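Each remark here refers to the structure printed beneath this line.
The values are calculated or read from the model by the stated rules, or taken from the named source; none is laboratory data. Not measured: the values here are computed from a predicted model. Here Cβ is always computed from backbone atoms with ideal geometry, including for glycine, and neighbour counts include all displayed protein chains. For accessibility, only protein heavy atoms count, side chains too; no ligands or nucleic acids. Shrake-Rupley method; radii C 1.70, N 1.55, O 1.52, S 1.80 Å.
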Amino acid sequence: MPSKPLKSHKSLTALAIFAAIATFAAPVLAQVKIGVVTSSTGPTALVGISQKNTVPLLPTKIGDLTVEYISRDDASDSTNSVTEIKKLISESNIDALIGPSGSPNAMGVIQFIADAGVPMLAPVGTAAVVLPMTEPKKWVFKTTQNDDIIAKALIGQMVKMKVKTLGVIALNDPYGENWVKVVGELAAKNDIKIVATERFLRTDTSVTAQSLKVLAAAPDAVLIAAAGGPTVLPQTTLFDQGYKGQIFQTHGAALPDFLRLGGKKVEGTILAASLMLVLPEIADSNPSKKMAIDYIAAYEKLNGSKPATFGANVYDAGLLLQKAIPIAAQKAKPGTKEFRAALRDALEQTKELVATQGVYTMTAADHSGFDDRGRELITVRDGNWKLLK
């Protein structure tokens, strides 16, 4: 009788081995590889951290395909962005890229991703990554509102407040430069005179000289065109120097740390940005409200804090890919240049996709896709974001 259990044991062992072999030998589901490059350290970290922390919330299965996200930190350095993206393309054979976080970083990699034929979903502020449209930029899609949509709301508010003269303090990079261009054109059309334009670097620890020049021009209002942590320094400096006019910010200031770091010195700021900042005040009929609530709840559960809107730009990239990947998969297999090209085409055909910050409708000429549903006029009151009424 003792041989029977032994035989059973051997049989079970054989079955287990066979099952293990079968598991390893079974055809693996076709897998999509998405590279993600964020600036989760360095001067742009206030933008990149919430983007990096959002990656675990992106869909890992789309249709019949599993999706792998390969996350990298460029330390806010444009050269590192190029290095990491080249590796993701050559070593990991990614099908698409989400990132990088900074506008200069994104501008610096456009030619590389175009040469490789890899669609890039850039969660950056500057419209220069998609405008004017060129052959390389056909591979770039932008998951933030274009500057002109934000600028129209700000200039409209300035007209309403009878602002006649405006000072501008802008980052000395593609984000700031595009804002100087866009707001200059819109101000001229609305009889608002730009009386001072000053620039500063993301790494600057003082903007005293620039703000003194703006003060000397005595503008009715000042626009600060920056993103992340650098949005705070020019405004607090103007406050300390006694400026009493209205200060406007772009959507680059839409992060919790702007309120934390600025404190009372940023009270009354006006910006145009995502509905995410003022969700309790947004009507339930707004198509993006539920999507934003769900994203914020999932992020808080995972990370223990509320996300900056910059994280939602990465989340929205996941929604765009979730829509486009099944369409591309009908034409080619992931991991091939044909799939990447089909994915680019599918992204460009996105229509009325409801996301956390607005509704996307892409065209061959518009690779941002937002309309006026993608922004709200917001102010800072008692240390919180409030709808401007």
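Note the full-extension length gain between I293 and Q322 as 0.36 nm times their separation in residues minus their Cα-Cα distance, in nm to one decimal.
Numbers: separation 29, 0.36 × 29 = 10.44 nm, distance 1.90 nm.
That pair, I293 and Q322, stretches by 8.5 nm at full extension.
With +1 on the Cβ of every Lys and Arg and -1 on the Cβ of every Asp and Glu, and nothing else charged, how large is the dipole of the chain about its Cα centre, in debye rounded to the nearest 20?
700
Given H placed on each backbone N at 1.01 Å, which residues far from T350 in sequence or on other chains put an amide H within less than 5 Å of it?
M362
Taking the Cα centre as origin and putting +1 on Lys and Arg beta-carbons and -1 on Asp and Glu beta-carbons, what dipole magnitude results for the range 233-389, to the nearest 20 debye? Can you show the working numbers first?
Values: 20 positive and 17 negative charges, 45 e Å.
Result for the range 233-389 is approximately 220 debye, rounded to the nearest 20.
Angle check, please: helix 103-116 long axis (alpha carbons) against the longest principal axis of the chain (alpha carbons), in degrees 0 to 90, nearest 10.
Computed tilt is about 40 degrees.
Provide E91, E300, E348 ordered by accessible surface of protein heavy atoms (probe 1.4 Å), highest first.
E91, E300, E348
For the pair E91/D204, report the inter-label distance in nm, with labels modelled 7 Å from Cα in the Cβ direction.
According to this spin-label approximation, the distance is 3.7 nm.
Compute the angle between helix 78-90 and the longest alpha-carbon principal axis of the chain, please, reported from 0 to 90 degrees and rounded to the nearest 10.
For 78-90 against the chain, the angle is about 20 degrees.
Leaving ligands and nucleic acids out of the surface, order K138, K61 by accessible area at 1.4 Å, largest first.
K61, K138
Label points 7 Å out from Cα along the Cβ direction at E338 and Q111: separation in nm?
Distance between the two pseudo-spin positions: 3.1 nm.
Just subtract the alpha-carbon distance of T79 and M161 from 0.36 nm times their residue separation and send over the number in nm, one decimal. Let's see the in-between values first.
Working: separation 82, 0.36 × 82 = 29.52 nm, distance 4.30 nm.
Difference between extended and current length: 25.2 nm.
Which net charge results when you count Lys and Arg as +1 and Asp and Glu as -1 among the other residues whose beta-carbon is under 13 Å from that of T44?
With Lys, Arg at +1 and Asp, Glu at -1, the net is -3.
How large is the accessible surface per residue of the chain, computed with a 1.4 Å probe and reported in Å² as a whole number?
Roughly 43 Å² per residue, with all protein chains present.
Roughly how many percent of the accessible protein surface of the chain is carbon and sulfur, given a 1.4 Å probe and a whole-percent answer?
Summing carbon and sulfur atoms, their accessible area is 57 percent of the total for the chain.
Hey, what do the phi angles of the range 52-59 turn into as Karplus ³J(HN,Hα) couplings, whole Hz, using 6.51/-1.76/1.60 and θ = phi - 60°, x for Gly and Pro?
After applying 6.51 cos²θ - 1.76 cosθ + 1.60, I find 4, 5, 7, 3, x, 8, 6, x Hz.
Calculated from the structure, Rg/Rh (Cα atoms, Kirkwood Rh) equals which of [x] 0.99; [y] 0.94; [z] 1.08?
Computed from the coordinates, Rg/Rh (Cα atoms, Kirkwood Rh) corresponds to [z].
Convert each backbone phi in the range 344-355 into a coupling constant with the Karplus relation 6.51 cos²θ - 1.76 cosθ + 1.60 (shift: θ = phi - 60°), then list the ³J(HN,Hα) values in order as whole Hz, x for Gly and Pro.
With coefficients 6.51, -1.76 and 1.60, one gets 4, 4, 5, 4, 5, 9, 4, 10, 6, 7, 6, 10 Hz.
Rounded to whole Hz and in sequence order, give me ³J(HN,Hα) for the range 117-122 from the Karplus expression 6.51 cos²θ - 1.76 cosθ + 1.60, θ = phi - 60°, writing x for Gly and Pro.
In residue order, the calculated couplings are x, 10, x, 10, 9, 9 Hz.
Pull out the extension gain between E68 and D345, defined as 0.36 nm times the separation in residues minus the alpha carbon to alpha carbon distance; nm, one decimal.
Taking E68 through D345 to full extension adds about 97.6 nm, to one decimal.
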